[in-house]
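First comes the structure, then the notes that go with it.
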Amino acid sequence: MIEIDPAHAHLAAPLADALGAVERRFEAQLVSEFPAVSDLCEHVSRYRGKMLRPTLTDRKSTRLNSSHA
């Protein structure tokens, strides 16, 4: 999982489960029977910029759901 600065832990805590599920999905999808493709996927999986969209989606969904409660 992503390393979080302790000063920001209170912001990251609500996201931990949702982003953990996203990360597991990425890992499951980034598998290939071809060694060269697997190597490339392993390299790409180290970059966490791809977590921005799931983070924003989760936050917006949470906000919308709480406004309808």
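Cβ separations smaller than 7 Å between residues 6+ apart or across chains give the following pairs from region 42-65 residues that are at pLDDT below 75 to residues that are open to solvent by less than 100 Å² (accessible area, probe 1.4 Å): ARG48/ILE2; MET51/ILE2; MET51/LEU19; MET51/VAL22. Applying a threshold of 6 Å to beta carbon distances and a minimum spacing of six or more residues, or different chains, the list of pairs starting in region 8-34 at a residue that is closer than 16 Å to LEU56 by Cα and ending at one that is modelled with pLDDT under 80 and not in a helix (DSSP H, G or I) reads ALA12/ILE4. Could you run through region 1-50 and say how many residues are small (Gly, Ala, Ser), surrounded by 10 or more Cβ atoms within 10 Å (Cβ to Cβ) and in a helix (DSSP H, G or I)? The total comes to 9.
The values are calculated or read from the model by the stated rules, or taken from the named source; none is laboratory data. Computed from a predicted model, the values in this text were never measured in an experiment. Cβ atoms come from the backbone with ideal geometry, glycine included; neighbour counts cover every protein chain shown. Calculation scope for accessible area: heavy atoms of the full protein, side chains included, ligands and nucleic acids excluded. Shrake-Rupley method; radii C 1.70, N 1.55, O 1.52, S 1.80 Å.
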